[in-house]
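Asks: Have a look at this one before I ask anything.
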Amino acid sequence: MSRIFLMLIRRDLLLARKQGGGSLLSITFFVLVVSLFPLGVGPAPETLERIAAGTIWVAALLSVLLSLDRMFQADLEDGSLDQLALLPLPLSLVVLAKTIAHWLTTGLPLTLAAPLLGLLMQLSPDAYGALIAAMLLGTPILSLIGAIGAALTVGVRRGGVLLTLIVTPLYIPVLIFGVSAAEAAAQGFSYSAHMLFLSAILSGAIVIAPIAAAWALKLALD
Amino acid sequence: MHRFANPTRFLRLAAAVLPFSAAVAALCLGAGLVWGLFFAPPDYQQGDTVRIMFIHVPAAMMAMGVYAGMAISSGIALIWRHAVADLIAKASAPIGATFCFICLLTGSLWGKPMWGTWWVWDARLTSMLIMLFIYLGYMALWQAFDDQTKAARAAAILALVGAINLPVIKFSVEWWNTLHQPASLITMSGPKIHASLLWPLLLMIVGFGAYYLTVLIYRVRAEIHLRRTRMLRLAQADRHAAMQAAE
């Protein structure tokens, strides 16, 4: 069973690589959105430092949001979703495998790119550790909650806009805890409470999201 | 509960409840409004603006209560494939969204004289706004499917996910400290509002609840009739096609 699970992750990673540009596109979008902010609010370093963590988080959230609609869509279109549903693996684990692959191709690269954007945004040197740690815990939550939205809207007309409408409100806690972790660290406070909250949300999401998304996918397979 | 999965039985019950709920709504809302707006004393600090509370607080409670009801009926619909529960959840959403909007609107009107601004990013306001977004997403998901059974199941999943997420959102938003006064109606040590304001407020809350029930019955009834009409039309079209084939 775990062999199939790992093979599924490898399959999605391979597809992402061969189809090309998935992660690269997300990162480019991420950098692009962040670099709009200095142009919008002015290049004064103290302003940028004040909004750095928030900007980076919001941009990361948008990049993840943008990548969600392909999560199950391609598999539905070429019929492989039907095959995946026939695997001896519960559909919720299939979803989990696909979510992990999604995180490896979007959330993780975004987290790795974040320090560079921190430099561009004059992020306080004390905040880097907190920002990265919070993104490592937070971006998997984005992928998991996103999987529910993607599964609910797969095969739906204009699913992309609907997906954004459904998922964005659910992302708010991650944004708040993620940003306030970096801000606490920048002011020299401990940020372990924020990490604990993010871990708690992640643990809950790992359990609930694959099941809910699998229910939703069964609707598309009917 | 399963008795009322049968729409006909539900319609009979609804017809029996409707006059009472409509009467309670009219009486409580009428009496509560007159009492609250004309006879209740002005607050010693807030003056006459405190009267906004008689709309604002019940609307806020109903916005949350309706979501809870929607989530519960979604759960029932998902687990037992209860047909009427689906319709109740569907019919509740626009009502709850409207309560949510009224709450935000009156809150903004109240905020201007009290806090000096139409809007603040305070915890309670923000979580109310997010709740409005969740209501809108839920309604949009219903619209997105042609097949009503699929729409019902997808929307039910979303309502339940939202119900799990709402407390987390509420808590996370409370993380930023707050301008809004903390709860003063339901506290461990009993209500902290003077009786002269409390009674009209309670009347309004009961009135809002009865009003919700009344509108809900109308909406569910309309939805049941709509579906019957669609079924009849389909059957008629089938018969028509069969007759043409026979000729």
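Asks: Of B:10, B:38, which residue is in contact (Cβ under 8 Å) with a residue 40 or more places away in the chain, among the hydrophobic types (A, V, I, L, M, F, W, C) and part of a helix (DSSP H, G or I)?
Replies: Just a single option satisfies the conditions, and that option is B:10.
Asks: Whether any residue in region B:82-92 is among the small types (Gly, Ala, Ser), modelled with pLDDT of 90 or more and closer than 21 Å to residue A:157 by Cβ is what I want to check.
Replies: The answer is no, given that none of the residues of region B:82-92 is among the small types (Gly, Ala, Ser), modelled with pLDDT of 90 or more and closer than 21 Å to residue A:157 by Cβ.
Asks: From the set of residues in region B:120-161 that are in a loop (DSSP other than H, G, I, E, B) and under 23 Å from the mean Cα position of the chain (by Cα), which is farthest from the other protein chains (Cβ to nearest Cβ)?
Replies: Once the filter is applied, the top-ranked residue is B:122.
Asks: Please name all residue pairs, on different chains or six or more residues apart, with Cβ atoms under 8 Å, provided the first residue is in region A:99-120 and is without any contact (Cβ under 8 Å) to a residue 24 or more places away in the chain and the second residue is part of a helix (DSSP H, G or I) and not hydrophobic (A, V, I, L, M, F, W, C).
Replies: A:115/A:128
Asks: Could you give me the residue pairs with C-beta distances under 7 Å whose first residue belongs to region A:61-81 and is within 14 Å of residue A:145 (Cβ to Cβ), whose second residue is not in a helix (DSSP H, G or I) wherever it lies, and which are 6+ apart or on separate chains?
Replies: A:64/A:106; A:67/A:106
Asks: Quick one: which of A:159, A:129 is out of contact with any strand residue (DSSP E or B) (no Cβ under 6 Å at 6 or more places or on another chain), at pLDDT below 95 and within 14 Å of chain B (Cβ to nearest Cβ)?
Replies: A:159
Asks: Another one. Would a scan of region B:173-187 turn up a residue that is away from every other protein chain (no Cβ under 14 Å), at pLDDT below 85, buried (at least 17 other Cβ atoms within 10 Å of the Cβ) and not in a loop (DSSP other than H, G, I, E, B)?
Replies: Among the residues of region B:173-187, not one is away from every other protein chain (no Cβ under 14 Å), at pLDDT below 85, buried (at least 17 other Cβ atoms within 10 Å of the Cβ) and not in a loop (DSSP other than H, G, I, E, B), which makes the answer no.
Asks: For residue A:145, state whether it is within 14 Å of chain B (Cβ to nearest Cβ) and closer than 29 Å to residue A:49 by Cα.
Replies: no
Asks: Ok, one more. For region A:166-190, which residues satisfy the criterion of being over 15 Å from residue A:54 (Cα atoms), among the hydrophobic types (A, V, I, L, M, F, W, C), crowded, with 20+ Cβ neighbours inside 10 Å and free of Cβ contacts under 8 Å to residues at least 40 places away in the same chain?
Replies: Within region A:166-190, A:166, A:170 qualify.
Asks: Oh, and also: Looking at the structure I just gave you, is residue A:47 surrounded by fewer than 18 Cβ atoms within 10 Å (Cβ to Cβ), β-branched (Val, Ile, Thr) and under 30 Å from residue A:124 (Cα atoms)?
Replies: Against the criterion (surrounded by fewer than 18 Cβ atoms within 10 Å (Cβ to Cβ), β-branched (Val, Ile, Thr) and under 30 Å from residue A:124 (Cα atoms)), residue A:47 qualifies.
Asks: Now, a different point. Would you point out which residue out of B:17, B:66, B:34, B:57 is within 25 Å of residue B:229 (Cα to Cα), surrounded by 12 or more Cβ atoms within 10 Å (Cβ to Cβ) and among the β-branched types (Val, Ile, Thr)?
Replies: Of B:17, B:66, B:34, B:57, the one residue that is within 25 Å of residue B:229 (Cα to Cα), surrounded by 12 or more Cβ atoms within 10 Å (Cβ to Cβ) and among the β-branched types (Val, Ile, Thr) is B:17.
The values are calculated or read from the model by the stated rules, or taken from the named source; none is laboratory data. Remember, predicted model here, so these are calculated numbers, not experimental data. Positions of Cβ are generated from backbone atoms using ideal geometry, with glycine treated the same way; all protein chains shown enter the neighbour counts.
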